[in-house]
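The numbers here are math on the coordinates, done by the rules we state, and not lab data. All figures in this text were calculated on a predicted structure; none of them were measured in a lab. FYI the Cβ positions are ideal-geometry reconstructions off the backbone, even for glycines, and counts take in every protein chain you see.
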Amino acid sequence: MRILFYSQHVLGVGHVARSLEIARACIDAGHTVTLVTGGEELPLPLPEGILHEKLPALRMDSTFSHVLPAHYDMPKTPLSEKEQARLDELLAEIMEQRVDRLMKIAGRFRPHIFLTELFPFGRRAFRFELIPVLTALQSGAFGPCKIVCSLRDILVEKADQQKYEERVLKILNRSYSGVLIHSDPNVFSLDETFSRTADIRPPVHYTGYVAPRPRPEKSSSLRKILKKDEKPLIVASAGGGSEGYPLLSTTLEASIVLSASLPHTLRILSGPYLDEQDFALLQAKASTAPHIHVERFSTEFPELLAAADLSLSMGGYNTLMNLLAAQTYGLVLPFTQNREQRMRAERLAARGVLEILQPKDLEPDRLSQIMHTTLQATQAGGTDLDLSGARSTANLLQQFMESS
């Protein structure tokens, strides 16, 4: 079975990291997968055997209301009429190139399944390229094909929710064969953030959460290396890193305070998109503390987390699923721009697998005390939630292809 997987990342790496885990499961199931991305360069390793097609890169502006060329530096002052005209011209060129390239990819690959990450529930700014390819696929221009949506557990709130849901349903009910929600309905059901779930005509399936499992032998090896003196290991991470500096900086300072009363090791993973100056500041602060190590990214993150005694992080989907799979207790600071991370963190906190940090906790002495108390409590982070979402997705896609 040939699967064409469209995954456009605009902030951080969460969406594409989940897509890669699903792609890996599909490849393991014997399917051929082509991943189409169109954001900044991926900092993540690709699964062996995946085909990767890159569209000319676009990103969202800071308000998430307009697309921009990925490497375009938007000035802080308003654009002049001439500058705006040039930007519009540049965007039009890139959009035309992307539409043409996406259509050619679909024509060459001739997918049995076209899987869209988030769209039409999100990525509205990219409908200029998705609607034409959906129309072509539906018409049979590239052979028989089922169109399926890959959706995370929680949708962000919209200014006009009614209009948003009507727009989503129009595309979904016209073009899609199914919706796969990467969630456990015992924790979240779609109707909690999409009120018209009952009006969705294509089948809706819950796959369970998508969570890469740490390799036990690698986790054990890391534990022996990093905890050879039996000191607690703390891991602080920030996903893609775009919004993580306040948490990571405070954790670093709190670790220095904590080391006087509770010797430990701290590994900080800033994320690939943390600002260069902020990353340099973290490194400079860590240079005075031998027990602290700062790095951008680790390909062994699931195993590192499994080796840890405590995690500090934000509340994105992938980070919290890594936490659950690692069975490590976490202190979590949800992103405040929308409801998504806080809702997820609150549900999981109610299950006893993490504790939610408040903005007021981002003070070194206060946070060091929270870390000390948590480590002394030796709380486990195990869960009975369904974390087999990637494998279930591969199986369900096979069923969609075989259905009439």
| task | Can you give me the three principal axis dimensions of the chain from its C-alpha atoms, in Å, biggest first? | result | 67, 53, 40
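Evaluate the relative contact order of the chain (contact order divided by residue number), counting alpha-carbon pairs under 8 angstrom at least 6 apart; express in whole percent. Mind showing how you got there, number by number?
Working: 733 pairs, mean separation 65.3, N = 404.
Once normalised by length, the contact order is 16 percent.
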| request: With springs only between Cα atoms under 10 Å apart, run a GNM on the chain and tell me which of PRO75, PRO212, PRO290 wobbles the most. | output: PRO75
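Could you work out the Kirkwood radius for region 91-189, taking every pair of different alpha carbons, averaging 1/r and inverting it, reported in Å? Let's see the in-between values first.
Values: mean 1/r = 0.0684 Å⁻¹.
So the Kirkwood estimate lands at 14.6 Å.
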| remark: Applied in sequence order to region 146-162, the curve 6.51 cos²θ - 1.76 cosθ + 1.60 (Karplus, θ = phi - 60°) yields integer Hz couplings, x standing for Gly and Pro, of 9, 9, 10, 9, 9, 10, 6, 6, 10, 9, 6, 6, 10, 4, 10, 4, 5
| said: Past the 20 angstrom mark, what percentage of all C-alpha to C-alpha distances in region 216-377 do you count? | reply: 45 percent
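Give me the net charge of GLN369's neighbourhood, meaning all other residues with Cβ under 14 Å from the Cβ of GLN369; Lys, Arg count +1, Asp, Glu -1. Walk me through the intermediate numbers first.
Numbers: positive: LYS360, ARG366; negative: GLU253, GLU355, ASP361, GLU363, ASP365.
Spelling it out: positives minus negatives among the neighbours equals -3.
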| task | Quick one: angle between helix 276-286 and the longest Cα principal axis of the chain, in degrees between 0 and 90, rounded to 10, please. | result | 20 degrees
| Tilt of helix 216-226 relative to the longest C-alpha principal axis of the chain, in degrees (0 to 90, nearest 10)? | 40 degrees
| For helix 340-349, what angle does its Cα long axis make with the longest principal axis of the chain, in degrees from 0 to 90 and rounded to 10? | 50 degrees
